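What follows is calculated from the coordinates using simple rules that are stated; it is not laboratory data. The model shown is predicted, which means the values in this text are computed figures rather than measured ones. Cβ sites come from the backbone with ideal geometry, for glycine too, and all protein chains shown count toward neighbours.
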Amino acid sequence: MKFSLFVHMERTSTAQSQKQLYDELVGLCEIADRGGMHAIWTGEHHGMNFTIAPNPFLNLVDLARRTKNVRLGTGTVIAPFWHPIKLAGEAAMTDLLTDGRLELGIARGAYSYEYERLLPGLDADSAGQRMRELVPAVKKLWEGDYAHSGEFYQFPETTSSPQPLQQPHPPIWVAARDPNSHAFAVANGCNVQCTPLSQSDAEVESLMATFNQACAANPTQPRPKIMLLRHTYVADSEADASLAAKEISKFYCYFGSWFNNKRPVSQGLIKELTDEEMADMKMFSPENMRTNNVIGEPDEVISRIKHYEQLGYDEFAMWIDSGMSFERKKASLERFIGGVMPAFG
């Protein structure tokens, strides 16, 4: 089992400056690198202070100069917002600038808030179709002298400029939940990133079953890697775990509100949720978050992750975005590195 950190700048109010949030992100990534984590993942989002991440390649190039060993991954770029030639070139340049440490994660995206601003009329289904056309085209562009005539993209013979340092190319990961995405990833030689979001471990098991079915349906393809992304907090006491559950409950209430795309937004900030409104979002209650997410003292966290390892997951990504203070995130990450990771050899 490999361990990685999934991290963004996150902001629900003007209490913290964006520069401070970035400095804190860097601080967490430096801890992850020094602590021997395998990778750092950061994604792409637009116009949302909740997740400030307009271009993950910029972050990864900067982090390459501040870290030594950790792999640097996009978790994830949003396929419909990229042209294959542009993505192939920018990813390859990032691979060069990070000395071959890039892991390229690609997703169809999920927020209608972003779709209606960058590609009006787009929905999740058509976004998935764009992703399935984009990924093979990027791989061919890295090979070079490739012309494309598809449903969404058309271009004459082109070679990615530059070409990636890693050969034949950086590892590609596809964010997958539904069976079609798993099947596409496995058939195209891509690794799989998956998350149950706020759901219980029954969803973790279901995602692995879907992945195994995709592997069985593609017997000539080598089995790719699969990564589990999970909100995680390593507590120093049960009282600390209970507080974390309340904080992650609030995070998911805001996540759900952004996803529903019905609430006013000003200056990149969603209108503040009241305690009553959050209490009405019962699926995100602190009690559910305490049970569903990986929250607890080190022994409890170890037991949960051991179960995921037994299911067949190759990598566990600690999703640290939570609305918590930097100090609480830092303490949890340090307890994860010092009190959880050693149990896995």
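At what distance in nm do the modelled label points of residue 143 and residue 310 sit from each other, each positioned 7 Å from its Cα along Cα→Cβ?
The answer from the label model is 4.3 nm.
Once you keep just the Cα pairs under 8 angstrom separated by 6 or more residues, what percentage relative contact order results for the chain?
19 percent
How high is the FRET efficiency from residue 68 to residue 17, r the C-beta distance, R0 30 Å, rounded to 0.05?
Efficiency for this residue pair is about 0.60.
Per residue and in cubic angstrom, what volume does the convex hull of the Cα atoms of the chain have?
133 Å³
For segment 260-269, in order, what is each residue's ³J(HN,Hα) by Karplus, 6.51 cos²θ - 1.76 cosθ + 1.60 with θ = phi - 60°, in whole Hz (x at glycine and Pro)?
Whole-Hz 3J(HN,Hα) from phi for segment 260-269: 5, 6, 10, 9, x, 10, 9, 6, x, 10.
Among 184, 259, what is the fewest-to-most ranking by other Cβ atoms within 10 Å?
With the sparsest Cβ surroundings first, the list reads 259, 184.
Given the Cα atoms of segment 152-201, and with Rh set as the inverse mean 1/r over their pairs in the Kirkwood sense, what is Rg to Rh to two decimals?
Across segment 152-201, the Cα-based Rg/Rh ratio is 1.12.
With an 8 Å cut-off on Cα pairs and a minimum separation of 6 or more residues, tell me the relative contact order of segment 53-210 in percent.
Across segment 53-210, relative contact order equals 22 percent.
Let me have the relative contact order for segment 1-58, percent, based on Cα pairs under 8 Å that are six or more residues apart.
Over segment 1-58, the number comes to 45 percent.
List the residues, sorted by chain then number, that are 5 or more residues from residue 73 or on another chain and whose placed amide H is less than 5 Å from its amide H.
Placed amide hydrogens put 40, 41, 42, 103 under 5 Å from residue 73.
Based on the mean of other beta carbon atoms within 10 Å per residue, what is the order of 57-63, 37-43, 213-219, most packed first?
Final packing ranking: 37-43, 57-63, 213-219.
Rounded, prolate or oblate: which one fits segment 52-174, using the alpha carbon gyration tensor with axes a ≥ b ≥ c (rounded when a/c is under 1.5, else prolate when a/b beats b/c, else oblate)?
oblate
Between residue 279 and residue 99, with labels modelled 7 Å along Cα→Cβ, what's the label distance in nm to one decimal, could you check?
5.5 nm
With labels modelled as points extended 7 Å from the Cα through the Cβ direction, what inter-label distance (nm, one decimal) is found for residue 155 paired with residue 272?
4.6 nm
Once the piece of chain linking residue 261 and residue 303 is laid out straight, how much longer is it, given 0.36 nm per residue of separation minus the C-alpha distance between them?
11.5 nm
Amide H neighbours of residue 318 under 5 Å, counting only residues 5+ apart in sequence or on other chains, H built in-plane at 1.01 Å?
Answer set, sorted by chain and number: 4, 5, 6.
What ³J(HN,Hα) values, in whole Hz, does the Karplus curve 6.51 cos²θ - 1.76 cosθ + 1.60 give for segment 201-206 when θ = phi - 60°, with x put for Gly and Pro?
For segment 201-206, the Karplus curve yields 5, 4, 6, 4, 5, 5 Hz.
Near the amide H of residue 174, under 5 Å away, which other amide H atoms are found, from residues 5 or more places off or on another chain, if H is placed in the peptide plane?
Correct list: 106, 191, 192, 193.
So what's the gap between the Cα centers of segment 59-120 and segment 15-45, to the nearest angstrom?
If you average the Cα positions of each part, the centres end up 16 Å apart.
Using R₀ = 30 Å, calculate the FRET efficiency as 1/(1 + (r/R₀)^6) where r is the Cβ-Cβ separation of residue 223 and residue 112; round to 0.05.
So, using R0 = 30 Å, E works out to roughly 0.30.
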